[in-house]
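Step one of this worksheet: look at the structure below.
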Amino acid sequence: MNEEKMDGLNRYTNLGGSESEPPRFVYGSGIKEFVDAKYPRFGETKRQEITRLLYEIAKRDKLDVEDILRDFSVEPVRFDPLKSYLLKRRFPKYKTNVLKIRAALPKVEINPRFEARFEKKEFYPKYVYIEEAVTQTSLAQRIKQKFPESKFETISSYREYVKTHSYDLAGYNDRLDYCFLTQEKFDFFKNCPCSPKSVSCGYHIVNLGVGCSYECMYCFLPAYLNSPGIQFPANLEDFFDAFKAYHQDIRVGSGEFADSLVFDHITEYSPQIVEFFKDYPKATFEFKTKSVNIDLLTSVKPAGNIAVAWTVNPKDVAKQVECLTPSIDERLNAAVRCQAAGYKIGFHFDPVIHYEGWEKDYEQLVNEIFDKIEAKNIAWISLGTLRMTMGLKKTIENRFPHNTILDEEMFLGYDDKIRYAANVRQSMYEKMFSFIRRRSQKVWVYLCMEEKGMCGKVVGA
């Protein structure tokens, strides 16, 4: 990716700031006050929408508010013409049809205290909290051996602990300082919680931990979690017992609330999972990951129903957006090792991120995958474009105020998540599908969290 394209993907804005003074408008500073003073006759909700539009235009285009409004000369100023003008500036591809746009215009609330910190360090918690019910488990004993310098405390339950400890988004930066060993009692296996009106992928989820050491801009965890720390259930045997009473001819996997393998050297779950599923050949288990922590996994002989699947993006996208993760080259090399060990391999292009020139970068990555992994060993490839809830959008703004993934034209979609427009998504899916089909006609490709009509147009499902 050349410098111009890199700049288009993730330019770090320079709006007159300095080392001691943050760039103007990156945190929305001053825009609300400007709008309140200039348009006092507008109601609060209307001022909020104008503030939001001005903020997003100023950030993307590196402009002062006065520059944005210079070409707006309607007097007296009325809300509808002003909003229409700003919508055309914010969404130029749709400027002739702005009244039909379902724009996401939440209140601008950005706190510099919530900004992400990029500290790549080994996981060594300062504090380890162990529920009374699991103090004698093998995982508890192993944690004590691995982290002798940590401070250990027994608690009655994780649920009671979080009731008495305050937590906000700033605390997410300190999550690796806290570790919780818990006894899972209820949430063993469940259907994948697809978006409303989305086509079900038929996937089932097992939650073998909560929390991650990576800093991916689009990750939903910071917006979802209401407590600090990394959580490990210490009663893996209960998950196995629960599966015996569950549907046994399913595709199931970990990776919803935690990377499946990043902490595997601590939990040592993977060998146990592989051995267990050898007795359930009708089921398929997936380790979903961005990690290259595969030593334990490759130390055991796999069953034919175990797949290791990596989330991938082009190299420069991963470097800019999937912070602190192994590089794409490292992930593909790990996939090669797992293929050699006998595992099926999967890939998740999720999210596919739109930017100028994206097609060339993603096609190159598809070709690299098929050059290294035999098509017969690829279990599946999923495709999903960038999407988020309103709450996640605000979380991204707070944790990554210099991001540019939010600068693209995105709207409230069929499920009230913020997405690229339907025609843009369809074009992206069709191109990705064609890149894959040029290399293999047989690999299973499916869309993740998409509506039925879109799936039918792209993959015929």
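Readers should treat all values here as calculations from the given coordinates under stated rules, not as data from a laboratory. Quick caveat, the model's predicted, so the values are computed rather than measured. Here the Cβ positions follow ideal geometry from the backbone for every residue, glycine too, while neighbour counts run over all protein chains shown.
Since only 390, 414, 380 are under comparison, the one whose Cα sits farthest along the positive direction of the charge dipole of the stretch 359-439, derived from C-beta charges on Lys, Arg, Asp and Glu, is 380. Computed about the Cα centre, the dipole magnitude for the stretch 318-439 is approximately 420 debye when only Lys and Arg (+1) and Asp and Glu (-1) carry charge, each at its Cβ.
Considering only DSSP beta bridges with both partners in the chain, what is the antiparallel share in %, to the nearest 5? Within the chain, antiparallel bridges account for around 25 percent of the total. Rounded to the nearest 10 degrees, the inclination of helix 390-399 to the longest alpha-carbon principal axis of the chain is 90 degrees. Rounded to the nearest 10 degrees, the angle from helix 79-90 to the longest Cα principal axis of the chain is 60 degrees.
Report summary: the helix-based calculation at 222 nm, which adds -39500 (n - 2.57) for every DSSP H run with n ≥ 4 and divides by the residues of the chain, gives -10000 deg cm²/dmol. Put a plus charge on the Cβ of each Lys and Arg, a minus charge on the Cβ of each Asp and Glu, and nothing anywhere else: the dipole of the chain about its Cα centre is then about 1320 debye. The value of relative contact order for the stretch 240-324, using C-alpha pairs under 8 Å at least six residues apart, is 31 percent.
Taking 27 Å as the limit for the C-alpha separation, the pairs 290/394; 126/190; 120/376; 46/88; 107/457 exceed it in the case of 126/190; 120/376; 107/457.
The residue list 246, 118, 426 was ranked by how far each Cα lies along the charge dipole of the chain toward its positive end, using unit charges on Cβ atoms, and 426 comes out on top. Considering only 72, 308, 255, the residue lying farthest towards the positive end of the dipole of the chain is 72, judged by Cα position with unit charges set on Cβ.
Using the Cβ-Cβ distance between residue 186 and residue 434 with R0 set to 41 Å, the FRET efficiency from 1/(1 + (r/R0)^6) comes to roughly 0.40.
Counting beta carbons within 10 Å around each of 385, 298, 267 and listing the fewest first gives the order 298, 267, 385. The 3J(HN,Hα) values that the Karplus relation (6.51, -1.76, 1.60; θ = phi - 60°) gives for the stretch 256-272 are, in residue order, 6, 10, 7, 4, 5, 10, 4, 10, 5, 5, 8, 6, 6, 6, 4, x, 5 Hz. Gly and Pro appear as x.
Shown for 45, 137: other C-beta atoms within 10 Å of each C-beta, ranked fewest to most, produce the order 45, 137. Among 264, 316, a tally of other beta-carbon atoms within 10 Å of each Cβ gives an order, fewest to most, of 316, 264.
Placing +1 on each Lys and Arg Cβ and -1 on each Asp and Glu Cβ, with no other charges, gives the stretch 192-288 a dipole about its Cα centre of roughly 400 debye. Here are some values of Kirkwood radius over Cα pairs in Å: [x] 22.1; [y] 24.0; [z] 22.9. Which one was computed from this structure? Computing Kirkwood radius over Cα pairs in Å and matching it to [x] 22.1; [y] 24.0; [z] 22.9 gives [y].
For the chain, relative contact order (Cα pairs under 8 Å, six or more residues apart, normalised by length) works out to 16 percent.
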